[in-house]
Amino acid sequence: MTMNAEHVSFWRPLCEFVDELRHYSKPDSLSKEFDISIRQAQAISLVWKLTEQKNEGITLKELAEIMELAPATVSELVESLVRKDLLKRIQNPNDRRAVLITLTDKAIHLLDESIRKIDATSGQLLAELALEEKEAFLATLGKISAKMLEIKKA
């Protein structure tokens, strides 16, 4: 199979960059430190983002849809995080039969620590770039991200 050289020259360094960025942001080290899997860390992050937007917890169904996993799988994932005191279930004030998933203080600490490490790494990575280079990089990244979402929705 023949590959387009221009495409390869784009995606290969991009993949290497993403791999290095994962290394620097150390999600696995946080996972090890807090004894959680990468998928559990992803669930915590998603609950954080969504509850921040809604200012309340999220349903298991919402979390399952966003993670693109079966509700039963997400239910097991949430239960394991409840046992680790990282997520909690609260009664939905709008529907007494339903529960909402929210973060515990321990999970908020995990996120704060993760953000602190990512922020420190970002500062080191961006220190050598001029303002114009940072702006161009972010603009390009924004275009690529928008196109990725467009392709995903198609």
Just wondering, is there one or more residues in segment 55-65 that are under 23 Å from Lys152 (Cα atoms), surrounded by 15 or more Cβ atoms within 10 Å (Cβ to Cβ) and among the acidic types (Asp, Glu)?
yes
Looking at (1) exposed (fewer than 12 other Cβ atoms within 10 Å of the Cβ); (2) not in a loop (DSSP other than H, G, I, E, B), which is the one condition that is false for Glu128?
(2)
Enumerate the pairs (first residue in segment 42-64 and among the basic types (Lys, Arg); second residue anywhere and surrounded by fewer than 18 Cβ atoms within 10 Å (Cβ to Cβ) and at pLDDT 90 or above) with beta-carbon separation below 7 Å, excluding pairs fewer than 6 apart on the same chain, so at least 6 apart or on different chains.
Lys61/Pro71
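Being touching a residue at least 24 places away in the same chain (Cβ under 8 Å), outside any loop (DSSP other than H, G, I, E, B) and surrounded by 15 or more Cβ atoms within 10 Å (Cβ to Cβ) is the requirement here; does Ile101 meet it?
Taking the combined requirement at face value, the residue satisfies it.
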If you go through segment 82-98, how many residues are farther than 19 Å from Glu52 by Cα and touching a residue at least 40 places away in the same chain (Cβ under 8 Å)?
1
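The values are calculated or read from the model by the stated rules, or taken from the named source; none is laboratory data. On a predicted model such as this, the values are computed, not experimentally measured, just so you know. So basically every Cβ, Gly included, is an ideal-geometry build from the backbone, and we count neighbours across all protein chains shown.
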